[in-house]
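Contents: one structure, followed by commentary.
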């Protein structure tokens, strides 16, 4: 049981940090612009597909650098020539715009690459076990994923708290008019932040594509989870996004590894039911079966007991 718990923790950390890369972009964009970007997971998908196409031509490592940059540029263009115009019509129009953009990107991906799963793989040089513990191998690529994710968090934290650019960004979040009066181009700052958030999503797609498979529905697989994380962590809170991402990653991973059933949990509480009970099918459920529901259950509990989220700064 100890070996399963250790590997579940490692896998949960990898998943949690990957989710943070996605949620951090949504959080940055919402903090500054007040926009919940429903197309954010689609930029994640584009990152994987762009990296796949580039890696077919010049290799994986150039794709790791170029794909997020391309996604970031595309995100900046979307903000400059699309979202900025829609912004004049209010938040509902922005939500509809990003919702429609998500469908447009998915259809474009299917048009260019088809509906089949792409054979996007991590570099052959990293196709080995980073270490073996209790007879189980931990893939080197997952170690690289974890290192990249942690590096992004450290870099993001440093930029936002220790650089002039980060100070201006944080000031623009709460006092955009004051920042504009000081001579800074706030609309351009919005465009850069939107592009940077999109690039983070693209980078997450590049490193996750070889593990979680690259297919047209990959955006919908993680898209809803990202918004669950943002709400649980607290709208506008980068720290909340990190904590919620790790919490969900570890919670799901531990649930899958435990193998416990509802009957086992009830037995711990001293509760038992006869085999012919009307709810007998419910007692046969196992934690691995309900693991995908746990983030949404946590979301409901957070909304009931702490609507602003764990580290929430704004209500809407």
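Laboratory data are not the source of any read-out in this text; all were calculated from the coordinates shown. It should be emphasised that the depicted structure is a prediction, and the values quoted were computed from it without experimental measurement. With ideal geometry, Cβ positions are generated from the backbone for all residues, glycine too; neighbour counts draw on all protein chains shown.
What ranking, highest mean first, results for peptides 8-19, 75-86 when packing means the other Cβ atoms within 10 Å averaged over each residue?
On the way: 8-19: 22.1, 75-86: 18.1.
Result, highest mean Cβ count within 10 Å first: 8-19, 75-86.
Output the peptides 92-100, 186-194, 201-209, 241-249 sorted from most to least packed, where packing is the average of other Cβ atoms within 10 Å over each peptide's residues. Don't jump to the answer; show the numbers that get you there.
Values: 92-100: 15.6, 186-194: 19.1, 201-209: 29.3, 241-249: 24.3.
Result, highest mean Cβ count within 10 Å first: 201-209, 241-249, 186-194, 92-100.
Using a 10 angstrom cutoff on alpha carbons, build the Gaussian network for the chain and name the most mobile of 306, 121, 162.
In the Gaussian network model the winner is 162.
Calculate the tail of P(r) for the chain: the fraction of all Cα-Cα distances greater than 28 Å, expressed in %. Working shown, then result.
Values: 22103 of 49770 pairs.
Tail of the P(r) past 28 Å holds 44 percent of the pairs.
For the chain, calculate the relative contact order in percent as a whole number, restricting contacts to Cα pairs under 8 Å that are 6 or more residues apart.
Values: 463 pairs, mean separation 103.1, N = 316.
Dividing the mean separation by the residue count of the chain yields 33 percent.
In a GNM of the chain with a 10 Å cut-off on Cα contacts, which of 63, 125, 102 has the highest mean-square fluctuation?
125
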